[in-house]
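Following: one structure in structure tokens, then a few remarks.
Throughout, read-outs are computed from the coordinates displayed, never taken from laboratory work. This one's a predicted model, so the numbers in the text were calculated from it and none came from an experiment. Because the Cβ atoms are built from the backbone with ideal geometry, glycine has one as well, and the counts that use them run over all protein chains shown.
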Amino acid sequence: MVANSDTGYAHPGGLPEAFAAFATRRYGWSPDPGRMMMLPDVMRGVSEILRIVTERGDGVVINTPVYPPFFAHIADVERRIVASPLAVTPDGYRLDLDRLESDFAAGARAYLLCNPHNPTGLVLRRDELAAIAELAERYQVRVLIDEIHAPLTYAGVAHIPFGSLDAPAARSAVTMVSASKAWNLAGLKCALLVVGEDAWADAQRSTEDVFWSAGLPGVVANQAAFEAGEPWLDALLDALDGNRRLVARLLAEQLPDVGFHLPDATYLAWLDLRAYGLGDDPARALIERGRVALSDGPAFGPEGRGFARLNLASSPERLTEVVRRMATALR
């Protein structure tokens, strides 16, 4: 880009076609490149679509604990946060469909679904997604989906794009995607809206500054990732799989009272530290006592009290040191 003096405003170029081909290869989904729009990032897409398809004061359902910017962006567009906590089982987190139906029935107008889920690493099954679609149609709830972690789904687990379902709620849904998490490109600023056929007219009501806020380096990098980055992605997934299993083993050996379930996707480990009596925000104690910086659990909602989030996208040596420091601090 620099050699060609190609540093002007961004244009989607071949990015929609590149993502459509990637989705076909990875997920068996062939979204229409003609119904995709360029964005600077996923959360800008969330805010913009909520402004278009809901009104001030409308309820927006989210599955807590969840990515902290969900709270801020829903509040920024003056919509009402409706927390619908995930169910906790002995095998990890699951979607609570009964609670979701109750929240839809109470009058929520939109559902912001994070799948794969941040921070728990949960990946929803096809039957769960079909149930969401049925509930959304019954209660006339618009579905927005953050699928930014989808490329980071581990072997043996299938990511099913919500937009691939044969259902009215999928045809009126809007999905946000990007190569930014899987290929570490977030600072280059680019994502895509992937719009169902019945939502295309809504998406076209977005303001021009959303489109022009994307960065050209981000567009070029996203296209390169989707077209030519799969060998690197596969190698990354192998490394992350080793890291999640390493951390599980180290925690079992050194901190057996930490609650941790292997994530189905993402490079994130959601750690239950409540057994150690560190209060609502154990990350604060760990950085003070052990010089280990984890993400604050309470930022993910009330269900994050006593938890912290660890980033697994590091070297095995560093992760080993992380757990050692945590164990030393907690002793």
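Given a Förster radius of 45 Å and the C-beta distance between Thr7 and Ala252 as r, what FRET efficiency does 1/(1 + (r/R0)^6) yield to the nearest 0.05?
Values: r = 50 Å, r/R0 = 1.11.
The formula returns an efficiency of 0.35 here.
For Cα extents along the principal axes in Å, the value computed from the atomic coordinates appears in the list (1) 67, 50, 32; (2) 65, 51, 38; (3) 58, 56, 35 under label (3). Taking the longest Cα principal axis of the chain as reference, the axis of helix 230-254 is set at about 30 degrees.
Using the Cα centre of the range 15-228 as origin and beta-carbon charges of +1 (Lys, Arg) and -1 (Asp, Glu), tell me which of Gly156, Ala130, Thr175 is placed farthest towards the positive end of the dipole. The residue sitting most towards the positive pole is Gly156.
Report the residues of the range 228-256 in range of a label on Ser315: point 7 Å along Cα→C-beta, backbone N strictly under 18 Å from it. Within reach of a label on Ser315: 236, 239-244, 246-247.
In this rough spin-label picture, where each label sits 7 Å from Cα along the Cβ direction, the Asn184-Glu227 distance is 2.3 nm. Using only Cα atoms, find the angle between the long axis of helix 15-27 and the longest principal axis of the chain, and express it within 0 to 90 degrees, rounded to the nearest 10. So the inclination is approximately 50 degrees. Look at the alpha carbon pairs under 8 Å that are at least 6 residues apart: their mean separation over the length of the chain gives a relative contact order of 19 percent.
Quick one: length gained pulling Ala21 to Asp96 fully straight, 0.36 nm per residue minus the C-alpha distance? Please report the intermediate quantities before stating the final value.
On the way: separation 75, 0.36 × 75 = 27.00 nm, distance 3.29 nm.
Contour length minus the Cα-Cα distance gives 23.7 nm.
Distant-in-sequence amide contacts of Arg79, defined by a placed amide H-H separation under 5 Å and a gap of 5 or more residues or a different chain, comprise Gly57.
Note on the chain: antiparallel DSSP beta bridges, both residues inside, total approximately 60 percent of the bridges counted. With the simple spin-label model, which puts each label point 7 Å out from Cα in the Cβ direction, the Glu208 to Glu134 separation comes to 4.6 nm.
Write out the chymotrypsin sites (Phe, Trp or Tyr not before Pro) in the range 1-71 meeting two conditions: DSSP loop, and at most 12 other Cβ atoms within 10 Å of their Cβ.
Numbers: sites: Tyr9, Phe19, Phe22, Tyr27, Trp29, Phe70, Phe71; in loops: Tyr9, Trp29.
In loop regions of the range 1-71 (DSSP not H, G, I, E or B), the sparsely surrounded chymotrypsin sites (Phe, Trp or Tyr not before Pro) are Tyr9.
Among Gly277, Gly215, Gly57, the largest mean-square fluctuation in a Gaussian network model of the chain (Cα springs under 10 Å) belongs to Gly277.
Within the chain, which is the longest segment that contains none of the GluC sites (Glu not before Pro) sitting in a DSSP loop with at most 15 other Cβ atoms within 10 Å? Don't skip to the end; give the middle numbers.
On the way: sites that count: Glu55, Glu78.
Excluding the exposed sites themselves, the longest stretch runs over 79-331.
Largest GNM mean-square fluctuation among His117, His73, His149, using the chain with Cα springs under 10 Å: His73.
3J(HN,Hα) along the range 92-105, derived from phi through the Karplus expression 6.51 cos²θ - 1.76 cosθ + 1.60 where θ = phi - 60°, amounts to x, 7, 9, 6, 8, 5, 5, 5, 4, 4, 4, 5, 5, 5 Hz, with x in place of Gly and Pro.
Projecting label points 7 angstrom from Cα along Cα→Cβ for Arg324 and Asp166 puts them 5.6 nm apart.
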